[in-house]
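Notes for the one structure printed next.
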Amino acid sequence: MTELLPNYVAGQWLSGKGTGTALHDPVLGTELVRVNAEGLDLAAAFAFARHNGGAALRALTYAQRAAMLGAVGKVLQANRDAYYEISTANCGTVKNDTAVDVDGGIYTLGTYAKLGEALGDVHFMHDGDATRLGKDPLFQTQHVYTPTRGVALFINAFNFPSWGLWEKAAPALLSGVPVIIKPATATAWLTQRMVKDVVDAGILPVGALSIICGSADGLMDQLEPFDVVSFTGSAQTAALIRSHPAVTHKSVRVNIEADSLNSALLLPTETRDSEAVALLVKEVAREMTVKSGQKCTAIRRVLIPESLYDAVAQALSARLAKTTVGNPRNESVRMGALVNRVQFNSVSDGLAYLQPQTERLHDGQSHALVDADPLIACCVGPTLLGTRDAAGSDAADRVHDEEVFGPVATLVPYRNGDIDHALALIRRGQGSLVTSLYGSDASALARVIPELSDSHGRLHVVSPDVAALHTGHGNVMPQSLHGGPGRAGGGEELGGLRALNFYHRRSAIQASTAVLANLN
Ligand code: NAP
């Protein structure tokens, strides 16, 4: 039997009782390691993190905790090669895709280390200036942010075992809040190894970072009023988290990042040969293939004027046809595997569900796998669907509702010259993480922004002047907000120091100016 990865709780490495669940190589089908959390004393684990980890973190200042984040980043950087190997084996990713996860996590830690350093040697933060409460300025109110005295429980999705941990842990630890991470079982190995390296390096106070690998059973039951839970995953599991008594009865603060039907929009004024069309085609192809489309931010719906349907379909298909799919260990391969058979079947089911309302413009099955056995490897080629004309886009409800979590996107034409039609179609996604706009007219692009910003966490605007500068539709930058309203879960993460709000409580302090002057 393969190695059983231990959990790290209450300052100890502990294996679960029993044989656990096997993690597999999605390309070769081999068993890699096992995880198991059965029999752990969860109450003791949460109490230790809350009391020991929390007290030790809160004794430090923001600048001191920021320095720790910087040191954590250095440890991860030093062990980067091992992470790449684990990711290739367990996630089936090519190097460029591993970079999005591993290097993206390290970059995010580094960003919060810098942001935190600037907060200085203080233990809580002011929120705005003091405001007088009456005619006499002597008695005023000052709002402050104080770190919550609880734990941050992270229940994460399978697609970002590295970045998914560090994009949440960086602001939590900087805030002085201990973290318990429960990675998705399918890809827990990379998260466990990173936590092990950081714990072994002795940078963080004991109890500041714990990891529980395996089933989520009982985790939510441990939460108390000052704890927070951050969930990333499917809408179905999100509904269970939201309705748990810890949330409904104890006001445990919850952040949800769920699924999302992200879109890309080409403005109606663009013509077939315009640079904006080329930029859209390039970005959509990239979004479909990076991490085999297993990105919560990936473009799923591509809105274009119906007169450009055939031209965009041809340009995109030609680009996608060049994608070599298969074993990520082969240097010629550009797109590796989905993470497991469950996801492979889920993508097949999703395509079958969309099939009656779409046509297949580029078929993933036309890609012969390189160095991989199609009977074993969970690899799928990129598939471009389309609804053909504007009437078809109106009739096709499924493309606005079904997130196929793989290398799949749909061309959704709107009536020529009718931006309102395009906006109405985008809004049928019922709230998304991100949409990207493509056009060369700055004022036309700006006019669209307030039409979509209420229903999206992020708008990524690509005009020819930023062709070589923009950071990519799907790349989540720590400086910008990540999360989206409605269907996307209603969560907010990152956005620079805004991320710290989730881990702090805001209070109004009403006192004399003399007392407030001493508040630092
Ligand atoms: P999932 O099945 O909902 O699982 C997510 C996490 O929840 C896993 O750690 C899972 O553990 C755990 N879990 C399962 N049942 C639970 C329960 N009853 N109580 C508490 N936790 C439970 O989602 P997934 O398939 O891993 O992730 C894919 C989805 O995540 C996609 O829809 C994608 O759009 C979304 N996603 C969103 C974002 C974002 O930032 N918005 C980012 C990435 C992914 P086990 O693995 O042990 O079952």
Exercise for review: Would you please list the contacts, defined by Cβ atoms under 7 Å and residues six or more apart or on different chains, that run from a residue in the stretch 38-53 that is modelled with pLDDT of 95 or more to a residue that is assigned to a helix (DSSP H, G or I)?
Suggested key: Leu42/Gln222; Ala43/Gln222; Phe46/Gln222
Review point. Out of all the residues in the stretch 451-459, is one or more surrounded by fewer than 19 Cβ atoms within 10 Å (Cβ to Cβ), in a loop (DSSP other than H, G, I, E, B), without any contact (Cβ under 8 Å) to a residue 12 or more places away in the chain and not charged (D, E, K, R)?
Key: no
Practice item. With respect to Gly495, determine if the residue is open to solvent by less than 20 Å² (accessible area, probe 1.4 Å), within 16 Å of the ligand (Cβ to nearest atom), free of Cβ contacts under 8 Å to residues at least 40 places away in the same chain and within 30 Å of Asp103 (Cα to Cα). Key: yes
Review point. Quick check, is Lys295 in a loop (DSSP other than H, G, I, E, B) and within 12 Å of the ligand (Cβ to nearest atom)?
Key: yes
Practice item. Would you be able to tell me the number of residues in the stretch 202-220 that are more than 16 Å from the ligand (Cβ to nearest atom) and either open to solvent by less than 50 Å² (accessible area, probe 1.4 Å) or not assigned by TED's automatic domain parsing to the domain that holds Leu240 (or both)? Key: 6
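Quick grid of which residues meet (1) modelled with pLDDT of 95 or more; (2) outside the structural domain of Thr93 (by TED's automatic domain parsing); (3) within 15 Å of the ligand (Cβ to nearest atom):
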{"residue": "Leu133", "(1), (2), (3)": "yes, no, no"}
{"residue": "Asp136", "(1), (2), (3)": "no, no, no"}
{"residue": "Phe154", "(1), (2), (3)": "yes, no, yes"}
{"residue": "Val179", "(1), (2), (3)": "yes, no, yes"}
{"residue": "Ala186", "(1), (2), (3)": "yes, no, yes"}
Practice item. May I ask you to list pairs of residues, at least six apart or on different chains, whose Cβ atoms are under 9 Å apart, with the first in the stretch 336-354 being in a helix (DSSP H, G or I) and the second being open to solvent by 70 Å² or more (accessible area, probe 1.4 Å)? Key: Arg341/His24; Leu351/Arg360
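Considering the stretch 498-520 alone, what residues qualify as being touching a residue at least 40 places away in the same chain (Cβ under 8 Å) and of a type in the set (Lys, Arg)?
Arg505, Arg506
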Point to revise | Given (1) within 16 Å of the ligand (Cβ to nearest atom); (2) under 28 Å from Asp81 (Cβ atoms), number of the condition Val199 does not satisfy | key: (1)
Point to revise | Any hit, the stretch 105-123, residues being modelled with pLDDT of 95 or more, more than 24 Å from Val198 (Cβ to Cβ), of a type in the set (Ser, Thr, Tyr) and open to solvent by 20 Å² or more (accessible area, probe 1.4 Å) | key: no
Exercise for review: Scan the stretch 248-273 for residues that are away from the ligand (no atom under 15 Å from the Cβ), in a strand (DSSP E or B) and open to solvent by 10 Å² or more (accessible area, probe 1.4 Å) and jot them down.
Suggested key: Arg253
Practice item. Sort out which residues of the stretch 221-241 are away from the ligand (no atom under 11 Å from the Cβ) and in contact with a strand residue (DSSP E or B) (Cβ under 9 Å, 6 or more places away or on another chain), and write them in order of number. Key: Gln222, Leu223, Phe226, Asp227, Val228
Exercise for review: Go through the residues of the stretch 407-418 one by one and say whether even a single one is within 18 Å of Ile256 (Cβ to Cβ), in contact (Cβ under 8 Å) with a residue 12 or more places away in the chain and within 16 Å of the ligand (Cβ to nearest atom).
Suggested key: no
**Study point:** the stretch 21-37, subset farther than 26 Å from Leu204 by Cβ and either touching a residue at least 40 places away in the same chain (Cβ under 8 Å) or outside the structural domain of Gln222 (by TED's automatic domain parsing) (or both), residue surrounded by the fewest Cβ atoms within 10 Å (Cβ to Cβ)
**Key:** Gly29
Review point. How many of the residues making up the stretch 399-421 are surrounded by fewer than 24 Cβ atoms within 10 Å (Cβ to Cβ) and touching a Phe, Trp or Tyr at 6+ places or on another chain (Cβ under 6 Å)?
Key: 2
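The values are calculated or read from the model by the stated rules, or taken from the named source; none is laboratory data. All values reported here derive from a predicted model rather than from experimental measurement. Reconstructed Cβ throughout: ideal geometry from the backbone, glycine too, with neighbour counts over all protein chains shown. The protein model used for the area step is the full one, side chains on, heavy atoms only, and it has no ligands, DNA or RNA in it. Shrake-Rupley method; radii C 1.70, N 1.55, O 1.52, S 1.80 Å.
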